[in-house]
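Below: one structure, written as structure tokens.
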Amino acid sequence: MPKILIAEDDRNNIEILSDLLADEGYALVIATTREDAINLAQSEQPDLILMDVQMPDSQASDVLNREAGLEATSAIKGNNATRHIPVIALTAHNMLHQKERILAAGCDGLQAKPYDFAALLDTIEGHLHKPS
């Protein structure tokens, strides 16, 4: 059973994604801060990460950090132990210049909020079944 790390701070989004992905048979790990996402990527070695672009930064007293998801992605992709894990950015900001910035941070794909669940599942499956 493939394991997906959901890096998301919004409880409603966590619940929606968890329900959807559990119904599809995925094992799930949840991170709610940048630091949790980095640490769990290393310790859990998920098959894929769904990364909220904006989430709290525990080193800044849980203040929303517009770059926390991108910072976590850069750290994950910069670590030899985790760089192979596909990271799909989740963002409400779906403009072209932001797509380029998100992909430049190391994300392997992008899904806009609100979610198109069929497209999200297709993206997940595409990355999980991509030849190494």
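The values are calculated or read from the model by the stated rules, or taken from the named source; none is laboratory data. Everything numeric here is computed off the predicted structure, so don't read it as measured data. Glycine also receives a Cβ, built like all others from the backbone with ideal geometry; neighbour counts cover every protein chain displayed.
Before moving on, here are some points about what is shown:
- Annotation: of all residues in the stretch 71-108 being in contact with a Ser or Thr (Cβ under 8 Å, 6 or more places away or on another chain) and surrounded by 18 or more Cβ atoms within 10 Å (Cβ to Cβ), the one that is modelled with the lowest pLDDT is 102.
- Filtered residue count, the stretch 6-38, keeping only those that are in a strand (DSSP E or B) and under 15 Å from residue 120 (Cβ atoms): 3
- Failed criterion for residue 56 (all others in (1) at pLDDT below 95; (2) in a helix (DSSP H, G or I); (3) not aliphatic (A, V, I, L, M) hold): (2)
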